[in-house]
Amino acid sequence: MIRLTAPDPARFEAWRDCLLDFAGGPVDGSGYIAGQVPEPTRDEFVRYLSARSGEEDPSVPLPPGRVRCSNRWIIEDSWEDGGPVLGFLSIRHVLNDFLLRLGGHIGYSVRPSQRRKGIASGALTAGLQEARERGIDPVLVTCEEGNLASRLTIEHRGGQYENSIEDHRRYWFGAPPWPSDVGMG
């Protein structure tokens, strides 16, 4: 069964192996900006853990452009027995202008070696549940126009397509009206 967990300081190797699987490609939901994923060293792991926990802690000032969010690792039941990190998922507690247009409340990615196994669907379901538990409703999830797998995952989970902006499809989970009054075409 797929579930989410907070990043675990004792699981450096699992985190490193997951990042290496992405081979420099985008790692949505990890907290890293596309094209700026550093080498997965132990020192970077310490920085990663600090940054991710700080994004969730209201007492920690946020860097410019960041919003409060809950960063999670996608795992399965074998986690306690040393299972792998299957991917990353981020739940943004609020939307700034960029996130409202292109990023959404939830961003996620599944490591390439584990794709096409239903992991993204299970992770999105768990992410939507956690977002609702945090009082986030409706929830915006986006994907790139050309990402058919993500599009089908979002639609299969019940996402309601609103529109596309700058090659990003925007889907809402929850009843309209949706907060898309930012002059989008």
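The values are calculated or read from the model by the stated rules, or taken from the named source; none is laboratory data. Only a predicted model underlies this, so the values are computations on that prediction, with no experimental measurement involved. Cβ placement follows ideal geometry from the backbone for every residue including glycine, while neighbour counts extend to all protein chains displayed.
Side notes on the structure shown:
- Tabulated pairs, the range 85-106, first under 26 Å from Arg16 (Cβ atoms), second assigned to a loop (DSSP other than H, G, I, E, B) and polar (S, T, N, Q), C-beta under 7 angstrom, 6+ apart or interchain: Phe88/Ser30
- Flag for Ala34 being without any contact (Cβ under 8 Å) to a residue 12 or more places away in the chain and either in contact with a Lys or Arg (Cβ under 7 Å, 6 or more places away or on another chain) or under 27 Å from Arg169 (Cβ atoms) (or both): yes
- One residue stands out among those in the range 96-135 that are touching a helix residue (DSSP H, G or I) at 6+ places or on another chain (Cβ under 8 Å) and part of a loop (DSSP other than H, G, I, E, B): the one that is surrounded by the fewest Cβ atoms within 10 Å (Cβ to Cβ), which is Arg116.
- Within the option set Leu89, Leu19, being modelled with pLDDT of 95 or more, crowded, with 18+ Cβ neighbours inside 10 Å, of a type outside the set (Lys, Arg) and not in a helix (DSSP H, G or I) holds for one residue only, Leu89.
- Residue count for the range 107-151 satisfying the condition of being under 24 Å from Asp17 (Cβ atoms) and not basic (Lys, Arg): 19.
- Within the set Tyr161, Tyr171, Tyr108, the sole residue that is of a type outside the set (Val, Ile, Thr) and within 19 Å of Ser30 (Cβ to Cβ) turns out to be Tyr108.
- Arg151 closer than 20 Å to Val27 by Cα and without any contact (Cβ under 8 Å) to a residue 24 or more places away in the chain: yes
- Test set (1) farther than 13 Å from Asp28 by Cα; (2) of a type in the set (Phe, Trp, Tyr); (3) at pLDDT 95 or above - Trp79 fails condition number: (3)
- Residues of the range 25-76 that turn out to be outside any loop (DSSP other than H, G, I, E, B) and surrounded by 13 or more Cβ atoms within 10 Å (Cβ to Cβ), as a count: 18
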